[in-house]
Amino acid sequence: MKVLERIIVGALALGSITAGALVSPAQAATATTRTPPQVTVKDVGDPLLFGEARVSVAVRCFDGDVLQRLAVAVTQGEVTGTGVVESGIVCDGARRVVPVVVSNDELNFVPGSVTVRAQLTVVDPETGSPLPPTSSTASVFLRPQVVVKVATGPVRLNSKGNAVVRASIKCRTPWFADDFAVTVDQNGGRIAGRADLDEWQCDGVFHEYTFTVAPNRPFVNGGVRLTASADVLDPGSYDPAFSTGVITNRQAVR
């Protein structure tokens, strides 16, 4: 009789183990098989009006997870700042590019390279617990809002001794064009002149203009120094926003 009892108990135990073996992996798969979120830092950004940096981060999350936070840290030398996004990202598998504005209370971000680290954390809607965060770090170039260039080659002098200079400008939206000027000086500044242009557009494309610079007395063949500079305004307040300039040495020829 005791032998029979042992056989029955053993069979029940084996059935219990077998059932557990069949159920537990499925339950475990349901609990743990979730697509991890994705985050990628885009390689270009922008300095903004009051010294902030705007960078873009591509994110994807899945399975109806819930955004906890997207934290973005930007470093440029001694300038550091962090921006946080806590809403507006839906975890439906779609890839979204999220702009994030980062500022520093004392120092300004400027055009040039910055290091950006983005960390994305989502919450499992079933357990309410945060999933392991995912992160991405990249070097990002903050694009200048206005750029000027002077055409290569010698500077031509006309019959009056004026310097004819070709210079280009590119200004990005939404800024408002203000002043674009070319200054030419020769003989240590003893001969100098300036020409201004106040009608140009900010559309993100280079536009070339010809400046005829009339000096205080005629330029002569030889070395000259060219300075091209430009300013743009805030389109709302018309306050100065960004400025730029380039200085180069050229030969003046008739």
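Here, each number is a calculation from the coordinates, and none is a lab measurement. Keep in mind the model is a prediction, meaning the values are calculated, not measured. Glycine also receives a Cβ, built like all others from the backbone with ideal geometry; neighbour counts cover every protein chain displayed.
Using the Cβ-Cβ distance between S87 and N158 with R0 set to 45 Å, the FRET efficiency works out to roughly 0.15.
Taking R117, R60, R190 as the candidate residues, the one with maximal mean-square fluctuation in a Gaussian network model of the chain, Cα springs under 10 Å, is R190. In the chain, helices alone account for a calculated mean residue ellipticity at 222 nm of -4500 deg cm²/dmol, with every DSSP H run of four or more residues adding -39,500 (n - 2.57).
Sort 228-240, 199-211, 67-79 for me by packing, meaning the mean count of neighbouring Cβ atoms within 10 Å per residue, highest on top.
Numbers: 228-240: 15.6, 199-211: 13.5, 67-79: 18.5.
Ranked by mean Cβ neighbours within 10 Å, highest first: 67-79, 228-240, 199-211.
Output the 0 to 90 degree angle, nearest 10, between the alpha-carbon long axis of helix 2-32 and the longest principal axis computed from the alpha carbons of the chain. Value to nearest ten degrees: 10. With 10 Å bins beginning at zero, the pair-distance distribution over Cα atoms of the chain amounts to 7, 20, 18, 16, 12, 9, 6, 4, 3, 2, 2, 1, 0 %.
Rounded to the nearest angstrom and listed largest first, the equivalent-ellipsoid semi-axes of the stretch 38-142 from its Cα gyration tensor are 27, 12, 11.
For the stretch 146-253, the Kirkwood hydrodynamic radius comes to 14.2 Å, computed from all pairs of different C-alpha atoms.
Taking other residues whose beta carbon is less than 13 angstrom from the beta carbon of N104, and scoring Lys, Arg as +1 and Asp, Glu as -1, yields -4.
With R₀ fixed at 35 Å, the C-beta to C-beta distance from E106 to T227 puts the FRET efficiency at about 0.65.
Based on the Stokes-Einstein relation at 10 °C and a viscosity of 1.306 mPa s, and on the Kirkwood radius from alpha carbon pairs, the stretch 185-243 is assigned a translational diffusion coefficient of 113 µm²/s.
Dividing the mean sequence gap of close Cα pairs (under 8 Å, 6+ apart) by how many residues the chain holds gives a relative contact order of 16 percent. Among T121, T80, T152, the largest mean-square fluctuation in a Gaussian network model of the chain (Cα springs under 10 Å) belongs to T152.
Counting only other residues whose beta carbon sits under 12 Å from that of L131, what net charge do I get with K and R as +1, D and E as -1? Value of the local net charge: -3.
Quote the relative contact order of the stretch 71-188 in percent (integer), defining contacts as alpha-carbon pairs under 8 Å separated by 6+ residues.
Across the stretch 71-188, relative contact order equals 18 percent.
Mean-square fluctuations from a GNM of the chain, with a 10 angstrom spring cutoff on Cα atoms, peak among A53, A163, A151 at A151.
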